[in-house]
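Presented below is the structure to which this report refers.
The values are calculated or read from the model by the stated rules, or taken from the named source; none is laboratory data. Everything numeric here is computed off the predicted structure, so don't read it as measured data. Virtual Cβ from ideal backbone geometry, glycine too; neighbours counted across all protein chains shown.
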Amino acid sequence: MIVRPRPSPLRLLFVVRGTILPRVLPHVLGIAVLSCLVVWGFRQSGMRPLVASPAPLSLLGIALSIFLGFRNNASYERWWEARKVWGALLIELRTFSHEAITLLDDGRTELPLAGQQVARRLVHRNIAFAHALAAHLRGHDAGEDISRFVPEPERSRVLASANRPNALLRGHAEELAALRRQGRLSDIPWSTLSERVHALMGVLCACERIRFTPVPFAYTVLLHRTAYLFCLLLPFGLAEAVGWFTPVLSAMIAYTFFGLDRLSDELEEPFGDAPNDLPLLALARTAEMNLLEALGEPQPEPLRPRDFILE
């Protein structure tokens, strides 16, 4: 995610880092060069374009802009929903951990063998879940973070799982069920903590739904092709009307359409590594800091943006 102070209106015109410009600049320059060749060719040959008026292209441009707007809204909705789901994740992790420390009378810092205490195991497993979920959604390996908070033999079982966040939640459910069978949890505390496990499972499923259900491919291809065909035809419709201003106008329109197309692609996958995607690693680190503070244990430093990009 791009994290930077808002530049002044003048500097905002020239900002490049964190924008979509580097990804679309070659295509925009290609349209500008094509426009120069079209205008030069018509001037040298004395020929006139088949369509001397830009009106037909204007109608196509209006329709295309409407469809691009729909797709951009759909992509942004996915991005915003993903952000809300991760906000709910932080709420559930904090609530679950606070209730575990409060309801289980062995989660205090002054007791020995803190790593073996039930409340601490639950809280540490919550921290591992946040890191595992971020890695699961990005296709990365969070084995090191999981190993810091999950002891053996559970660690080996979690690392061997194809869905590590789900394996961690299964560990929660099994431990709470064991506590209930041992009589260390009555029905009400067990039900309260189990509801938190179910809420975390809902967060996991919501994230997987967003991650593995993209916008329909045919819809994306249709808009992508139409945008490029429109920008390629644009110089032929503008050459007669605006002359040598055609390259400038064509480049500006191409930047808008290509930029919206690429930005929609980027926002469509909110859990990726692109600059405008969600900072999953920073959110997982925030959860780790909050939960370790609840246990009274040392906290790591928060992640800082690097070149205005927070991962």
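Which one is surrounded by the fewest Cβ atoms within 10 Å (Cβ to Cβ) among residues in region 259-275 that are under 24 Å from Ala227 (Cα atoms) and acidic (Asp, Glu)?
That would be Glu266.
Take region 256-276 and flag every residue that is hydrophobic (A, V, I, L, M, F, W, C) and not in a loop (DSSP other than H, G, I, E, B).
Phe257, Phe258, Leu260, Leu263, Leu267
Filter region 277-311 for residues that are touching a residue at least 24 places away in the same chain (Cβ under 8 Å) and either in a loop (DSSP other than H, G, I, E, B) or aromatic (Phe, Trp, Tyr) (or both) and give the result.
Asp277, Leu278, Pro279, Gly296, Glu297, Leu303, Pro305, Asp307, Phe308, Leu310, Glu311
Got at least one residue in region 147-165 being in contact with a His (Cβ under 6 Å, 6 or more places away or on another chain), among the β-branched types (Val, Ile, Thr) and under 17 Å from Leu133 (Cα atoms)?
No.
Could you name every one of the helices (runs of 4 or more DSSP H) located completely within region 153-252 that has at least 3 residues being closer than 20 Å to Ala119 by Cβ?
Counting at least 3 such residues, we get 154-159, 164-181, 187-212.
This table checks each residue for (1) crowded, with 21+ Cβ neighbours inside 10 Å; (2) more than 22 Å from Asp277 (Cβ to Cβ); (3) under 17 Å from the mean Cα position of the chain (by Cα); (4) at pLDDT 90 or above.
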residue	(1), (2), (3), (4)
Pro54	no, yes, no, no
Leu60	no, yes, no, no
Ala63	no, yes, no, no
Leu122	yes, yes, no, yes
Asn126	yes, yes, no, yes
Arg157	no, yes, no, yes
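Determine whether region 223-234 contains at least one residue that is under 18 Å from Asn72 (Cβ atoms) and of a type in the set (Lys, Arg).
yes
In region 297-311, what count of residues is obtained for those that are surrounded by 13 or more Cβ atoms within 10 Å (Cβ to Cβ) and within 22 Å of the chain's Cα centre (by Cα)?
6
If you scan region 1-44, which residues turn out to be under 25 Å from Thr246 (Cα atoms), within 26 Å of the chain's Cα centre (by Cα) and basic (Lys, Arg)?
Of everything in region 1-44, just one residue is under 25 Å from Thr246 (Cα atoms), within 26 Å of the chain's Cα centre (by Cα) and basic (Lys, Arg), namely Arg23.
Within region 276-296, is even one residue closer than 30 Å to Met47 by Cβ, surrounded by 18 or more Cβ atoms within 10 Å (Cβ to Cβ) and out of contact with any strand residue (DSSP E or B) (no Cβ under 8 Å at 6 or more places or on another chain)?
No: zero hits.
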